[in-house]
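Visitor: Starting off with a structure, shown below.
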Amino acid sequence: MNDKMKILVMLNDEFKRWEELLARLTEKQAAQKLLPSDWSIKDNMAHLMAWQQRTIAREQAALHDRAPEFPKWPESLDPNADDVDKINAWIYETNRERPWSSVYRDWRAGYLRFLELAQAVPENDLLDPVRYAWLEGYSLAQILEASYDHHQEHLESLQTWLSQHGDINKNQQVS
C-alpha cells in the first residue's frame, strides 16, 4: 500500500466512525450541550465543517496549480495567526442557529468532497513538501493528516463524554 492509499484509508475510516455516531442522532440530541462545554455535537460539526473548507480550498488549488481561494472569513480573523479562539467563537456564532440537518448535510458533503479531491491529487504532488509554495514547506499530505487529527480529536472528546455521561440516546429518553 502506498502512502497516499494509507492516508485515504485513514480518512475514509474516520468518516465511517463519524457516520456511525451521527446517524443515530435526532435534532434535539445533536443540539444538546455536552456539559461542561458550551458546545453541542452540532456545534462541533459546524466547527469541523468550517475548518474543512480551508482544506478543500487547498486541495482544489493543488489540482488547478494555483493559490488557494479560501472561504470568506472576517478580515479581522487570521487563521495563520494566534486567532484560533476568536475564529472558533466566530464559527460558533455563525452556525449556532442553523438546524442540525443543515449542519450535518454540509459537513457530510464537505467531507465527501474532501475525500474526492484527496483521491484526485497525484501521489507525488500530495507528498512533496516543496510542490506548493503556499504551503510553506508542508506537504498536502500533512494538511490532510492534520484534518484527520482534528476530526479524531473531536471524535475522541465526544466518545469520552458519552462514556462518562452515558449514551446520548438514553439521556434524551430520561429527560
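Visitor: Pairs under 6 Å by beta carbon, first residue among the basic types (Lys, Arg) in the range 1-21, partner surrounded by 12 or more Cβ atoms within 10 Å (Cβ to Cβ) and part of a loop (DSSP other than H, G, I, E, B), six or more apart or different chains?
Guide: Cβ pairs passing all conditions: none.
Visitor: So, one more: Which one is nearest to SER101 (Cα to Cα), of the residues in the range 17-38 that are charged (D, E, K, R) and not in a helix (DSSP H, G or I)?
Guide: ARG24
Visitor: Looking for whichever is within 25 Å of ASP3 (Cβ to Cβ), without any contact (Cβ under 8 Å) to a residue 12 or more places away in the chain and not β-branched (Val, Ile, Thr) here; the options are ASP125, ASP78, ASP85, ASP65. Which one fits?
Guide: Only one candidate qualifies: ASP65.
Visitor: Checking the structure you have, find out if any residue of the range 125-138 is assigned to a loop (DSSP other than H, G, I, E, B), modelled with pLDDT of 95 or more, aliphatic (A, V, I, L, M) and surrounded by fewer than 16 Cβ atoms within 10 Å (Cβ to Cβ).
Guide: Checked the range 125-138: at least one residue is assigned to a loop (DSSP other than H, G, I, E, B), modelled with pLDDT of 95 or more, aliphatic (A, V, I, L, M) and surrounded by fewer than 16 Cβ atoms within 10 Å (Cβ to Cβ).
Residues checked against (1) within 19 Å of the chain's Cα centre (by Cα); (2) crowded, with 18+ Cβ neighbours inside 10 Å:
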site	(1), (2)
MET5	no, no
VAL9	yes, no
PHE15	yes, no
THR26	no, no
ALA31	yes, no
PRO36	no, no
ASP43	yes, yes
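Visitor: I'm told LYS72 meets every condition in (1) under 19 Å from LEU162 (Cβ atoms); (2) surrounded by fewer than 11 Cβ atoms within 10 Å (Cβ to Cβ); (3) basic (Lys, Arg) except one. Can you identify the failing condition by its number?
Guide: Answer for LYS72: the failing condition is (1).
Visitor: I've got another one for you. Based on this model, can you work out whether LEU21 counts as surrounded by fewer than 19 Cβ atoms within 10 Å (Cβ to Cβ) and within 12 Å of TYR104 (Cβ to Cβ)?
Guide: Yes.
Visitor: Within the range 107-124, how many residues are crowded, with 17+ Cβ neighbours inside 10 Å and either in contact with a Leu (Cβ under 8 Å, 6 or more places away or on another chain) or at positive phi (or both)?
Guide: 6
Visitor: Hey, can you tell me all the residues within the range 95-105 that are part of a helix (DSSP H, G or I) and without any contact (Cβ under 8 Å) to a residue 40 or more places away in the chain?
Guide: SER102, ARG105
Visitor: When VAL103 is evaluated against the numbered criteria (1) at pLDDT below 95; (2) surrounded by 15 or more Cβ atoms within 10 Å (Cβ to Cβ); (3) in contact with a Lys or Arg (Cβ under 7 Å, 6 or more places away or on another chain); (4) not polar (S, T, N, Q), which criterion, by number, is the only one it fails?
Guide: (1)
Visitor: Hey, another quick one. For GLU93, state whether it is of a type outside the set (Ser, Thr, Tyr), loosely packed, with under 12 Cβ neighbours inside 10 Å, within 24 Å of ASP128 (Cα to Cα) and out of contact with any Gly (no Cβ under 7 Å at 6 or more places or on another chain).
Guide: Values: of a type outside the set (Ser, Thr, Tyr): yes; loosely packed, with under 12 Cβ neighbours inside 10 Å: yes; within 24 Å of ASP128 (Cα to Cα): no; out of contact with any Gly (no Cβ under 7 Å at 6 or more places or on another chain): yes.
Judged against the criteria, GLU93 is not a match.
The values are calculated or read from the model by the stated rules, or taken from the named source; none is laboratory data. Everything quoted here is computed from the prediction, not taken from an experiment. Every residue, glycine as well, gets a Cβ built from its backbone with ideal geometry; the counts of neighbours run over all protein chains shown.
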